[in-house]
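The values are calculated or read from the model by the stated rules, or taken from the named source; none is laboratory data. This one's a predicted model, so the numbers in the text were calculated from it and none came from an experiment. Neighbour counts are summed over all protein chains in view; Cβ atoms, including those assigned to glycine, are modelled from backbone coordinates with ideal geometry. Side chains included, ligands, DNA and RNA excluded: accessible areas come from the protein's heavy atoms. Shrake-Rupley method; radii C 1.70, N 1.55, O 1.52, S 1.80 Å.
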Amino acid sequence: MFEHIDAYPGDPILTLNEDFAKDPREDKVNLSIGIYFDDEGRLPVMRAVREAEAQMLAEPAAKPYLPMSGLAAYRDAVQSLVFGEASAARAEGRIATVQTLGGSGALKIGADFIKRYFPGSHVWVSDPTWDNHRFIFERAGLTVGTYPYYDDETGGLRFDAMLAAIRDLPAKSVVLLHACCHNPTGVDLNDAQWAELIGVMKARDLLPFIDMAYQGFGAGLDADAFAIRELVRQNVPGFVANSFSKNFSLYGERCGALSVICESAETAARVLGQLTGAVRSNYSNPPTHGAKIVARVLTTPALREAWQDELASMCKRIERMRVAIHARLRGNVPDAMLARYLEQRGMFTYTGLSAEQVDALRERHGVYLIRSGRMCVAALNGRNVETAAEAIGDVLSRAFA
Ligand code: LMR
């Protein structure tokens, strides 16, 4: 019966992370998966999360199913954080939000909705993008293409080429964009570029789908949501996926949401109904625990302040690690490849190392990056930065020898 099933080739990120766990070398370094580790190399439980969980444990509660659309307090808190407390679209009831299984769940619910209501639309992703973007949309039956984004030569953005390609897309094409801390490159649009791009999408009747998995790791919680607020300001309908995996360090709780900006409250109610239907037919309804934590933290002033402070200190630590690896690589890495360690934003730097060089780093030194050359700088710490830098220097010296 199952003879025709081919072997799963594995996931470029998650399978590598599993391989890392099996690697017996003691001095191995995992810079592959997008996870923030503290300076001791531990996955943090944030203070506000610990406190919220303690409060929740002290109030034992039954565990009924959540509504299909998710926990109401969570959905409201998501809208406030993503769109801004004073968002006009929010006040007008024009945003339909459902709780999802992380950011990936939001993409999947959005993909199913697009397949059903925009069956002729293709999805366009940046070149490069997070690998799972393509997997999710293709599995939902959609065709995925790419638009120019990253400039290999400069380590920056090909904004003009990106804009020209997007301007040429057929009406109702779906354009997937990263709100901030682009994964995998760490290269973002500035505010003026966002405003121009959104103007083009509006004029061309395109459907933006903004993925915000790293809110708070770029220029700040509000600044990182600029593109989303600009969509609302320019009155452009679109999709927003967001996740609390990274900024709450709640990876395994699968806390995300999908919001759809609609033209009227009446449309938003129908859209919300269909998103709810998509949740029901995928996994019925979402889990409770993480959503309760996030809602409690975001709506309790003292917890929210503690969360924001700790998130800000995580960002500062990443900045320090960028400086540390940059200093250690100086002289061992060609200048053209060095500046990006400081210039790129968020958890990642696109090192410019080839897949073969990444393989050599892993095989010879036990230093894991993903094969596109993406490095998770948020996993560097005072102890492993030297090992990582020496290993990169060694691999490059062989390449250029
Ligand atoms: C990553 O990009 O490494 C993370 O978002 C984890 C994942 O699910 O791929």
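Data table
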read-out	value
Boolean, Ala336 is under 29 Å from Phe244 (Cα atoms), more than 16 Å from the ligand (Cβ to nearest atom) and more than 20 Å from the chain's Cα centre (by Cα)	no
Val187 being within 18 Å of the chain's Cα centre (by Cα), open to solvent by less than 20 Å² (accessible area, probe 1.4 Å) and hydrophobic (A, V, I, L, M, F, W, C)	yes
Output for segment 96-137, where each listed residue is over 23 Å from Leu163 (Cβ atoms) and aromatic (Phe, Trp, Tyr)	Phe113, Tyr117, Phe135
Subset of segment 364-401 that is part of a strand (DSSP E or B) and aliphatic (A, V, I, L, M) - its residue that is nearest to Pro24 (Cα to Cα)	Val367
Qualifying residue in segment 104-122 (condition: out of contact with any helix residue (DSSP H, G or I) (no Cβ under 7 Å at 6 or more places or on another chain) and within 16 Å of the ligand (Cβ to nearest atom))	yes
Residue ID - nearest to the ligand (Cβ to nearest atom), chosen from residues in segment 11-47 that are over 23 Å from Glu253 (Cβ atoms) and within 21 Å of the chain's Cα centre (by Cα)	Pro12
Residue among Ala312, Ala324, Ala278, Ala360 that alone is under 23 Å from Tyr36 (Cα atoms), aliphatic (A, V, I, L, M) and open to solvent by less than 40 Å² (accessible area, probe 1.4 Å)	Ala324
Search result, residues across segment 52-69 that are open to solvent by 80 Å² or more (accessible area, probe 1.4 Å), within 13 Å of His289 (Cβ to Cβ) and in contact (Cβ under 8 Å) with a residue 12 or more places away in the chain	Lys63
Qualifying residue in segment 210-229 (condition: part of a strand (DSSP E or B) and hydrophobic (A, V, I, L, M, F, W, C))	yes
